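Reviewing the structure listed below.
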Amino acid sequence: MDGSWVALRLMVVAALLMSANMTKGASGISVCNMSEDGLMACKPSVTQPNPTDPTTECCNAVSNADLQCLCSYKNSVELPFLGIDPDLAISLPAKCNLQTPVGC
């Protein structure tokens, strides 16, 4: 895969993510009411090959997130491209003792 193909995919992913429930404020990027810090706290728990249990910081971020919004990403082609395993991501609420939205 040459550099221009990678750059194009990155631009497409960035555009898609920015257009879908993502805002940028003074504190950085926010997705479905999860701050950039919250997203980063959860990244080790949703990344293969050796995901970790979610930290308290991650679970706090998930508890304040719009879970239905996050659920809308479960079949997203962007998540694997960003190194996020959708199945691990969908399992976060349960691992944080939160109720997963119906149909998610």
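Count Lys and Arg as plus one, Asp and Glu as minus one, and take only other residues whose Cβ is under 15 Å from that of residue 74; the net charge is then -4.
Count charges around residue 54 for me, please; just the other residues with Cβ under 13 Å from its Cβ, Lys/Arg as +1, Asp/Glu as -1.
0
The stretch 70-89 and the stretch 42-66 have Cα centres separated by 13 Å.
With both labels modelled 7 Å from their Cα along Cα-to-Cβ, the residue 97 to residue 43 distance reads 2.8 nm. Residue by residue, the stretch 60-67 carries 3J(HN,Hα) couplings of 4, 5, 5, 5, 9, 7, 7, 5 Hz when phi is fed to the Karplus relation 6.51 cos²θ - 1.76 cosθ + 1.60 (θ = phi - 60°); x denotes Gly or Pro.
Here, each number is a calculation from the coordinates, and none is a lab measurement. Quantities reported herein were computed from a predicted structural model and do not represent experimental measurements. Note that we place each Cβ from the backbone using ideal geometry, even for glycine, and neighbour counts take in every protein chain shown.
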